[in-house]
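Single-structure report; data block below.
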Amino acid sequence: MSVSAPLPLLNFQDLPLFDQVLPEQIGPAIDALLTQADAALEAVTAPDFPADWKQMASVLDVATERLGRAWGTVNHLNSVADTPTLRAAYNEALPRVTDFWTRLGADERLYAKYKAMPVGSLTSEQAQAHRNAMRGFVLGGAELQGEAKSRFAAIQEQHAELAQKFSENSLDATDAFSLLVTEEELAGVPTDVVEAARALAQSSGQSGCKLTLKMPCYLPVMQFAHSAALRQTLHRAYTTRASDQAAPEHVKFDNSAIMQSLLALRQEEADLLGYANFAQVSLVPKMAQSPEQVASFLRDLAAKARPYAEQDLADMRAFAAEHLGLSDPQAWDWPYIGEKLKETRYAFSEQEVKTYFTAPKVLQGLFNIVETLFEVSIRPDTAPVWHPKVEFFRIERGTQLVGQFYLDMGARTGKRGGAWMDDVRTRWLRPDTGTLQTPVAHLVCNFAEGVGGKPALLTHDDVITLFHEFGHGLHHLLTQVNERDVSGISGVEWDAVELPSQFMENFCWEWDVLKHMTAHVDTGEPLPRSLYDKMLAAKNFQSGLQTLRQVEFALFDMLLHMGQAPLVDGKPDVMALLNRVRQEVAVLTPPAYTRTPNTFGHIFSGGYSAGYYSYKWAEVLSADAYAAFEEAAQQTGSTLDVPTGKRFREAILEAGGSRPAMDSFKAFRGREPDLSALLRHQGMAAQPA
Ligand code: ZN
């Protein structure tokens, strides 16, 4: 490589040169950008550098944005076009990049500059970005002095180690278990699951079938195996993972003490930051105002869902007694009973549904909705891409470019599973050039490719996934905010960020939308109404029970981090609190041996501590927002109501993170969010039958 040739990763003229990046260029390019970013940090934190928003942004933000964009390109390629050399280059550079962002977020000189900034001179967008930055510093311990400061740092380190250990124990405890059974014992289990279990046994030179506690094996066995004894064995192993109740040889993975230590560290962090408990700390940057508000939201939801959950349970009991000969169902019977009841009530073929959802027709339907509601047009465009199957589009309003996006729909080797939206660059009125940078997004899915020259067929779940990610994309792409850190999805509260994505999912259940969005792969016929009716009926199966289960987890998480677990020898008795929550909200009591918190990774090793409620919270927001379109439809006959779309776009999508999510919601709905739309969408509005 000649010295004079500029590296593609250092070209920021327009779109990333995905087709030109070579693994050996990653290290040098990222190092060059890190050097520039460090120099920028030194420059703006120098004593004589003015504490002025624009002057600081045109040095520091410009440098960090370049680093972020280049690393975004590398990270994206690592996710969608993985090769051993690329992965090695990525892993080699990753610690240096992580280290820079950590140092930036903890730089006291930078905090002092932000603190010294005259906020009165900022625009409202800048003021919001400034508040977010200040809050981040304070929650990162920037206000602490001396011993408190070093203790705060030590807490973060210990916490990270223990969280890692918690997750390792969960994984090891899951992996440590296996059970060799005969094929006869698996009667009722789908063939592909049996085949996989047989192959697993064979791979270790054994005959028969080997079961594990991993989801693709555990779940179908619990749902389909006729043998109650087998289900009981697996249930016990699964629900006692990483606990003192596990088999003696697996007790070494017990997470109980780690959980107590994590809780103690979180409480200590809250004490240092001047809060009563960790739940309060967790909620500072979120939309929810207080732990008490979240707890009462969850209790309200539980009370409303309870009659439906009781009905769900009564239905299962009656069905089990009459059709399955189970007069006294146990914990390990419920998934089996539920599956059998569902089959009896709503049998329809997912395979048949799929033949109507051809990818081009679905995409055209999605684009039509977006174009109609949000007054834009979406046109194919060209850009350097990482794979020939990747599509690229531009969104325009009139002649004006609003944003662009990559669409990478198909699954293939070297591409990480799942679906996600990611930003390539953010809308930003650049402080260095004074020009407006338009936003660009990635939309990535992993759908099956078409076979035999036919278009790809999507399951209904795939369609929902596509709409979901597109909703995140719209939030990022339609923003009208000019300030980088509060533009699009940047700076949006964590418990509100799923509003646009879950909102878009609703269209996948509208008959008027579906009939225009489906075309049978052979005949071109739209989805038959009779099939749609069955899909809709199955949608809300047992939503009462499912709601209570989510509330149980969420309320347990919140109360635990409010310090409400009873103390034994000065330490929180986690199971005692969970049992108390179950007595309050659940309709089913699991066996005394279960230790579900011991593998509750969301709250002990993920980012969801005192945050698990956000799933339900965001569902309330998205359902209530969608209800505005249903109300419009009562007047106009169509949910694709343009004036409502315009209000939604302006209040929610365009505002991005420039103001609190509650303000945006109220600007759209004219009031605070209300539970009733969610309950209605999930079939919990009328009196249970
Ligand atoms: Zn999402």
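The values are calculated or read from the model by the stated rules, or taken from the named source; none is laboratory data. All values reported here derive from a predicted model rather than from experimental measurement. Here the Cβ positions follow ideal geometry from the backbone for every residue, glycine too, while neighbour counts run over all protein chains shown. Side chains included, ligands, DNA and RNA excluded: accessible areas come from the protein's heavy atoms. Shrake-Rupley method; radii C 1.70, N 1.55, O 1.52, S 1.80 Å.
Quick check: pseudo-label points 7 Å beyond the Cα along Cα→Cβ at Thr85 and Asp244, how many nm apart are they?
5.5 nm
Under a straight-distance cross-link criterion of Cα-Cα below 29 Å, which lysines are reachable from Lys304, leaving out those fewer than 8 residues away in the same chain?
Hits, sequence-local ones excluded: Lys286, Lys340, Lys342, Lys534, Lys539, Lys616, Lys666.
Excluding Leu265 itself, what net charge comes from residues whose Cβ is under 12 Å from its Cβ, given Lys and Arg +1 and Asp and Glu -1?
Around Leu265, the charge tally is -3.
For the pair Glu391 and Leu22, what calculated FRET efficiency results from E = 1/(1 + (r/R0)^6), where r is the Cβ-Cβ distance and R0 = 30 Å, to the nearest 0.05?
After rounding to 0.05, the efficiency reads 0.80.
Determine, from the Cβ-Cβ distance of Glu339 and Asp300 and an R0 of 22 Å, the FRET efficiency 1/(1 + (r/R0)^6), rounded to the nearest 0.05.
Once the sixth-power term is evaluated, E becomes 0.10.
Compute the FRET efficiency between Asp522 and Asp569 as 1/(1 + (r/R0)^6), taking r as their Cβ-Cβ distance and R0 = 60 Å, and round to the nearest 0.05.
0.30
Report, by chain and number, residues whose modeled amide H sits under 5 Å from the one on Val402, excluding near sequence neighbours (fewer than 5 apart, same chain).
The list, which skips near neighbours in sequence, is Ile395, Glu396, Arg397.
Under 12 Å between alpha carbons, and skipping anything fewer than 8 positions from Lys115 in its own chain: which aspartates and glutamates qualify?
Partners found: Asp52, Glu143.
In the neighborhood of Ala320, defined by Cβ-to-Cβ distances under 15 Å, what is the net charge if each Lys or Arg adds +1 and each Asp or Glu adds -1?
-2
On a C-alpha basis, how far is the centre of segment 227-259 from the centre of segment 77-140 in Å? Whole number, if you could?
41 Å
Using 7 Å Cα-to-Cβ label points, what is the Met662/Ala228 separation (nm, one decimal)?
Once both label points are built, they end up 5.0 nm from each other.
Divide by every residue of the chain the summed helix terms, -39500 (n - 2.57) for each DSSP H run of at least 4, and state the resulting mean residue ellipticity at 222 nm, rounded to the nearest 500 deg cm²/dmol.
Numbers: 27 runs with 373 residues, N = 689.
My calculation for the chain gives -17500 deg cm²/dmol from helical runs alone.
Output wanted: per-residue J couplings in Hz (rounded whole) for segment 144-160, from phi through Karplus 6.51 cos²θ - 1.76 cosθ + 1.60, θ = phi - 60°, x for Gly and Pro.
Listing the rounded values in order: 7, 10, x, 4, 4, 5, 5, 5, 4, 5, 5, 4, 4, 5, 4, 4, 4 Hz.
Once amide H atoms are built 1.01 Å from N in the peptide plane, which residues 5 or more positions from Gln437, or in another chain, come under 5 Å H to H?
Trp428, Leu429, Arg430
Under 5 Å between amide hydrogens, which residues at least 5 positions from Phe392 or on another chain qualify, with H placed 1.01 Å from N in the peptide plane?
Here the answer is Asp381, Leu407, since their amide H atoms fall under 5 Å of that of Phe392.
If you line up the Cα atoms of the chain on their principal axes, what length do they span on each, largest first, in Å?
Principal-axis extents of the Cα atoms in the chain, largest first: 80, 69, 58 Å.
Using 7 Å Cα-to-Cβ label points, what is the Phe49/Asp432 separation (nm, one decimal)?
1.4 nm
For a protection proxy built on the mean count of beta-carbon atoms within 10 angstrom, sort 189-197, 558-566 highest first, please.
558-566, 189-197
On a straight-distance basis, which lysines could pair with Lys389 in a cross-link, Cα separation under 28 angstrom, same-chain partners fewer than 8 positions away excluded?
Within the straight-line cut-off, Lys389 pairs with Lys354, Lys361, Lys415, Lys454, Lys515.
Please work out how much length the chain gains when fully extended from Gln546 to Glu184, using 0.36 nm per residue of separation minus the C-alpha to C-alpha distance, in nm with one decimal.
Fully extending the segment from Gln546 to Glu184 adds 127.1 nm.
Could you please report the charge total around Leu621, scoring K, R as +1 and D, E as -1 over all other residues with beta-carbon less than 14 angstrom from its beta-carbon?
Values: positive: Lys286, Lys616, Lys666, Arg669, Arg671; negative: Glu493, Asp495, Glu498, Glu505, Glu619, Asp624, Asp663, Glu672, Asp674.
So the environment of Leu621 carries a net charge of -4.
Can you work out ³J(HN,Hα) from phi for every residue in segment 128-138, in order, using Karplus 6.51 cos²θ - 1.76 cosθ + 1.60 and θ = phi - 60°, giving whole Hz and x for Gly and Pro?
Calculated HN-Hα couplings, in order: 5, 4, 5, 4, 4, 5, 4, 4, x, 5, 4 Hz.
Quick check: at a probe of 1.4 Å, how many percent of the accessible area of segment 394-479 sits on carbon and sulfur atoms?
53 percent
For segment 224-339, what is the largest minus smallest coordinate of the Cα atoms on each principal axis, given in angstrom and ordered from greatest to least?
Taking the Cα atoms of segment 224-339, the three principal extents are 58, 44, 18 Å.
If you average the sequence gap of Cα pairs under 8 Å that are 6 or more apart and divide by the length of the chain, what percent do you get for the contact order?
That works out to 15 percent.
For segment 196-350, what is the relative contact order in percent, using Cα pairs closer than 8 Å and at least 6 residues apart in sequence? Don't skip to the answer; put the middle values down first.
Values: 102 pairs, mean separation 28.4, N = 155.
RCO, segment 196-350: 18 percent.
Multiplying the sequence separation of Gln364 and Leu94 by 0.36 nm and subtracting their Cα-Cα distance, what value in nm do you get?
Net length gain for the segment: 93.3 nm.
Hey, what do the phi angles of segment 427-434 turn into as Karplus ³J(HN,Hα) couplings, whole Hz, using 6.51/-1.76/1.60 and θ = phi - 60°, x for Gly and Pro?
Per residue, the Karplus-derived 3J(HN,Hα) values read 4, 7, 7, 5, x, 7, 10, x Hz.
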